[in-house]
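A.B. asks: Below is a structure I'd like to ask you about.
The values are calculated or read from the model by the stated rules, or taken from the named source; none is laboratory data. Here the structure is a predicted model, which is why all the values come from computation and not from measurement. Cβ atoms come from the backbone with ideal geometry, glycine included; neighbour counts cover every protein chain shown.
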Amino acid sequence: MKKEKEFDFSRARRVTPQETASFRKAIEETFHVKRPKRGRPPKGSDKYRDVHIRLHPKALLWARAQAKHRGIGYQTVINEILLHHAI
């Protein structure tokens, strides 16, 4: 398949929830690794606190560029840098 546009989606079907569950089970049995649940962590956790700060635009641009390069959120990048310097 050279391009996405060449794929005939009219014959494609959606994966059922039962198939997804069986795929997850097969992966866990094959690799002996429990896959983490997806989604946002619960709000009541004491792990993080909600804080509002002002950042210089250049610092924010850098954090967002790093986050995009690493495939994570920019707030995670900022948190990692702060933790690294705090410890």
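A.B. asks: If I filter the stretch 37-87 down to residues being part of a loop (DSSP other than H, G, I, E, B) and surrounded by 10 or more Cβ atoms within 10 Å (Cβ to Cβ), which single residue comes out as modelled with the lowest pLDDT?
C.D. replies: Of all residues in the stretch 37-87, those part of a loop (DSSP other than H, G, I, E, B) come to 37-56, 71-73, 87.
With the extra rule that they be surrounded by 10 or more Cβ atoms within 10 Å (Cβ to Cβ), the set shrinks to 48, 55, 72-73.
Working: 48: 78, 55: 95, 72: 92, 73: 92.
Among those that are part of a loop (DSSP other than H, G, I, E, B) and surrounded by 10 or more Cβ atoms within 10 Å (Cβ to Cβ), it is 48.
A.B. asks: List, please: which pairs have Cβ atoms under 7 Å, are six or more places apart or on different chains, and start with a residue in the stretch 5-20 that is surrounded by 10 or more Cβ atoms within 10 Å (Cβ to Cβ) and end with one that is modelled with pLDDT under 80 and assigned to a loop (DSSP other than H, G, I, E, B)?
C.D. replies: Within 7 Å, the pairs are 7/1.
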